[in-house]
1. Summarise the accessible area of the chain (1.4 Å probe, protein heavy atoms) by the percent that is carbon and sulfur.
2. List the GluC sites (Glu not before Pro) within the stretch 716-783 that fall in a DSSP loop (any state other than H, G, I, E or B) and whose Cβ has at most 16 other Cβ atoms within 10 Å.
3. Could you go through the stretch 592-601 in sequence order and give the Karplus-derived ³J(HN,Hα) for each residue, using 6.51 cos²θ - 1.76 cosθ + 1.60 with θ = phi - 60°, rounded to whole Hz, and x for Gly and Pro?
4. Can you work out the FRET efficiency for the pair residue 377 and residue 350, with r the C-beta to C-beta distance and R0 = 22 Å, to the nearest 0.05?
5. What span do the alpha-carbon atoms of the stretch 510-551 cover on each of the three principal axes, reported in whole Å from largest to smallest?
6. Using just the helices of the chain, give the 222 nm mean residue ellipticity in deg cm²/dmol: DSSP H runs with n ≥ 4 each add -39,500 (n - 2.57), and the total is spread over all residues, rounded to 500.
7. Given a cut-off of under 8 Å on Cα pairs at least six residues apart, what relative contact order in percent is computed for the chain?
8. Hey, rough spin-label estimate for residue 462 and residue 358, points 7 angstrom out along Cα→Cβ, what's it come to in nanometres?
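The values are calculated or read from the model by the stated rules, or taken from the named source; none is laboratory data. Predicted model, so just to flag it, every value in this text is computed and none were measured. Here the Cβ positions follow ideal geometry from the backbone for every residue, glycine too, while neighbour counts run over all protein chains shown. The protein model used for the area step is the full one, side chains on, heavy atoms only, and it has no ligands, DNA or RNA in it. Shrake-Rupley method; radii C 1.70, N 1.55, O 1.52, S 1.80 Å.
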Amino acid sequence: MSSIIESYNYDIFISYRQNDNKYDGWVTEFVDNLNKELEANIKDKISVYFDIDPQDGLLETHLVDRSLEDKLKCLIFIPIISRTYSDSKSFAWQHEFCAFNKLAKEDKFGRDIRLTGGNVASRILPIKIHDLDPEDKTLLENELGGVLRCVEFIYKSAGVNRPLRAIEDHPQDNLNKTYYRDQINKVANAVKEIITALKKQSQYPEEVLKRDFEVKTTSKKNLRTKIIVGSIIALVLIILGFFFIPKFIKPTKQLEKSIAVLPFINDSPDQENTYFINGIMEEILNNLQKIRDFRVISRTSVEQYRGETKPTLPKIAKELDVNYIVEGSGQKYGNKFVLRIQLIAADNEKHLWGESYEQEIHETSDIIKIQSQIAQAIASELKAIITPEEKKLIEKTSTTSLTAYDFYQRGREEYVKYWINNNNREALGKAEDFYHRTLEYDHTFAQAYTGLAQVYWNKHYLEDFFSKKFQDSVIVLCDIALSLDHQLSEAYTLKGLYYNEIGYSDKALEELDKAIQYNPNDWMAYHGKGMLYSTVDLVKAIDNFQKAATLNRGKQLPELLRYLGYVYMLAGFPEKAYYYWKEASNLDSDSSKYYFGLSNNEFYRGNFEKAIEYTEKGYSIDSTDSYSFTFILLALNHIFLGNYEISLKYINKHLELLESLKQTDIGNEWIIGYIFWKNGYKEKAEYFFDKTIKNSNSMIDLGRAYAQAPEVYYDLAGVYAFKGETDKAFKNLRIFSQKPCVEIKWGTLLKYDPSFNSIRSEPEFQQIIRDVEAKYQAEHERVRKWLEENNML
C-alpha cells in the first residue's frame with residue numbers, strides 16, 4: 001500500500017514488542033480503533049503498516065533486510081512504549097525506533113516539522129501504555145535528543161500500572177482521569193496535524209528546500225569568524241535569559257475545575273415559589289455533577305450559605321475547596337419564569353460568564369432545556385470535556401407532565417429539608433406524600449420512585465433491621481426506577497447500600513460503581529465504598545472516604561473526616577488519624593469526639609489507663625453525647641485492667657441511657673454480660689450472653705453486613721470461651737481468623753480480652769494471634785507504601 005505522499009510507502013508505521021500484544025491483544029485493538037478514528041477525521045485514506053502476522057518478518061528473531069527499510073519509509077512512526085519496549089538489545093528498538101529516527105532525520109522533510117499553526121512536532125508519535133522506569137525514559141530521551149512527549153494510555157490506581165482499555169470496569173478509579181476514546185481521538189488529531197503539514201510542504205517543496213536544504217559555500221576564515229561571533233552572542237543571550245526571562249514568563253497554573261452552585265435567590269413576590277427556584281438550582285447542579293471533568297460540591301454542602309448574610313465568595317470558596325462559584329436568582333409568576341445565572345472565579349471574584357433567561361412554560365422541556373443549556377455553557381467557558389454520553393444525560397427529559405414535575409420538585413425540596421434539619425421526620429412525611437402525588441400524574445417518572453425509596457430507607461431502616469424482608473420496598477422501587485431509566489445514579493447508590501446491608505458486598509460494589517459511572521460526583525456512593533472496604537482493604541477505604549470528603553463539604557463533613565481518621569487508626573497511622581479528628585473538631589467544635597478518638601487509639605494499642613484518661617476528658621466536655629458510647633469505652637478499659645466494680649457502674653449508666661433513647665446495643669452485649677457475671681449477677685449475665693448468641697446467629701442467617709466482618713464471630717467465640725464451650729469457641733475463632741482481620745485492634749483484643757482466659761495458653765489460640773497480627777502488619781505496610789507513593793506521608 002502506498003502513502004498519500006509520493007515516494008513514501010506507508011503513512012503510519014506501528015512499532016511494538018510482540019509480547020505486548022500476546023496477553024489481551026491490546027495493540028491490535030488500538031490499531032483497529034485508530035483506523036476507525038482516522039477514517040472519521042481525515043478525508044484521505046491513511047495507510048497503516050501493522051505487523052500482526054508472526055510470519056511477516058518483524059519478529060525479534062528476524063534479520064533486518066531491505067523490505068523492512070522500505071516499510072519504515074513512512075510519514076509517521078508510532079511506537080507503543082511499554083515496560084519492555086525501551087530495551088537497547090531488542091529488535092523493535094534497534095531496527096525500528098532507532099532506524100526510523102535516523103531515516104527521518106535524513107529525508108526531505110526531516111524528523112521534526114513545523115505545523116500549520118507554527119508549532120513544531122516530531123514525526124515520531126509515541127503511545128505510552130505504562131509508567132516507565134527512569135533508565136528507560138532516559139534511553140528514549142537520549143535517542144530523541146529532547147523531552148519525551150507521549151499520548152498516554154495508562155490506567156493507574158493503587159498498585160496498578162497497566163494499559164488503558166477501551167471498556168473499563170471501574171473507569172472512575174483511574175488516577176490519570178483519562179478515557180480511551182479521548183486518547184484515541186488525540187492520536188488521530190495529532191496524525192491529522194502532521195499529515196496536513198507534510199502535504200503542504202510536499203505541495204510547495206521549493207519553500208522547504210530553499211529554507212532547509214540549500215547548500216552554501218563558505219570560506220573557512222569566514223566560517224571561523226562566524227562561529228566565534230555566534231558563540232559570543234549565544235553566551236550573552238543565555239546570561240540575559242537567565243536573569244530576565246523568569247521575570248517575564250510565569251508558568252500557567254492549571255486550575256482544577258471545581259464548582260459550588262450556591263443557593264439561588266427567589267426574587268418572586270410569592271415565597272411559595274422558592275421550591276421551584278431551588279428545583280432549577282438543583283437540576284443545574286445535578287447536570288454539572290454528571291460531567292466527569294468537574295468536581296461539583298453537593299447541595300447539602302452549599303445550603304449553609306442560604307440567606308443574605310453569608311461570607312465573601314473567596315471565603316466560601318476556601319471553605320468548600322473550590323475554584324469557581326455559580327450564583328443565580330429567579331422569579332416565577334404564572335406560567336413564566338425569569339432566571340439570571342453567573343459563573344465567577346472564586347479567588348478574584350472575576351465574572352467569567354453570565355446569562356439571563358426568560359421562558360414561558362408550556363411543557364417540562366421548556367424548563368429542562370434551559371437547565372441543560374446552562375450546564376453546557378459553564379462547561380464551555382471552563383473548557384471542560386463533555387462526552388456524548390454525558391450530553392445525553394444532561395439533556396434527558398424525565399417527564400412530560402408539568403404537574404408531575406411540580407410535585408416532584410416539592411417532594412425533593414422536603415427531602416432536602418429532612419437532611420439539613422437534623423432528620424426532620426415531618427419533612428420526610430411531606431416528601432413521601434409529594435412523591436406519591438407525582439406518580440398519580442406520571443407513573444413512569446423514574447426519579448419519583450427513587451425519591452420514595454430514599455424516604456422508605458430513612459423511615460424504616462431500624463425497624464426492618466432483623467426482618468427477613470429488610471428494606472424490600474426500597475429494592476423494588478429502585479428496580480422499577482431503573483426499568484424506566486437505567487442511568488439513574490441515585491437508584492444504583494441505594495441498591496449498593498441495600499446489598500451492603502444484606503451482606504452482598506461484591507454486588508454492593510458493582511451497584512456503587514454504576515452510580516459513579518453516571519454521576520462521578522456522587523459523594524454517597526464513594527462513602528458507601530469506603531464503608532465496604534473499611535474491613536477488607538484499608539487503602540481503598542481511605543481513597544474513597546477522601547473522595548467523599550472532597551464532594552460533601554456540608555454538615556456531614558466532620559463525620560466523614562472522623563471516618564477517615566478511624567481508618568488511619570486501624571491501619572496503624574495514629575498521627576494521620578489525629579490530624580483528621582482535629583480537623584473535624586475544628587469544623588463542628590466537638591472536641592469531645594476528638595478525645596474519644598484518642599481513647600480508641602490508646603485502647604487498640606493496649607494503653608488502657610491512657611484510654612480512660614482521654615475518655616473521661618471527652619466526657620467532661622460533653623456528657624450528653626449519646627452516640628459516643630462513652631460508658632462502654634470506660635467499662636471496656638476498666639475490664640481489661642481488672643476493675644470490675646467500676647466497669648459495672650458505667651454499664652448501668654450505659655443501659656439507662658439506651659432505655660431513655662429507646663435504642664439497643666447489638667455489638668456490645670457480650671461485654672455487658674461479662675461485667676454482670678464478674679460482679680455476681682449471673683442471671684443478668686446469662687440473659688446478655690444469650691442475646692449475643694441469638695443476635696449474632698440471626699445476623700449470620702440473614703447475611704447482614706455485620707456478619708461479613710470479623711466482629712460477629714469474635715463475639716460468639718468470646719461468649720463460648722467464657723462459658724467453657726471450647727469447641728464452639730475455636731469453631732468461631734477459626735472463621736474469625738479467615739476474615740480479613742486487617743485492623744490493629746484484633747491483635748490487642750485477642751491478647752488482653754479476659755473472655756479468652758480459659759483458652760489463652762492453647763497452641764491454636766496463640767497461632768491465631770500470630771496469624772491476625774501478620775495480616776495487620778501486611779496491611780499496615782501496604783497502606784504505608786501507598787501513602788508514600790502518593791506523597792501523603
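1. Details: 19720 of 38900 Å².
Carbon and sulfur atoms account for 51 percent of the accessible area of the chain.
2. Numbers: sites: 725, 743, 764, 773, 779, 781; in loops: 725, 743.
Listed in order of number, the matching sites are 725.
3. For the stretch 592-601, the Karplus curve yields 4, 5, 4, 6, 5, x, 4, 4, 4, 4 Hz.
4. On the way: r = 17 Å, r/R0 = 0.76.
That gives a FRET efficiency of 0.85.
5. Its Cα atoms span 26, 22, 12 Å along the three principal axes.
6. Working: 34 runs with 456 residues, N = 793.
For the chain, the value works out to -18500 deg cm²/dmol.
7. Details: 1158 pairs, mean separation 53.0, N = 793.
This gives 7 percent for the chain.
8. Between residue 462 and residue 358, the simple spin-label model gives 5.3 nm.
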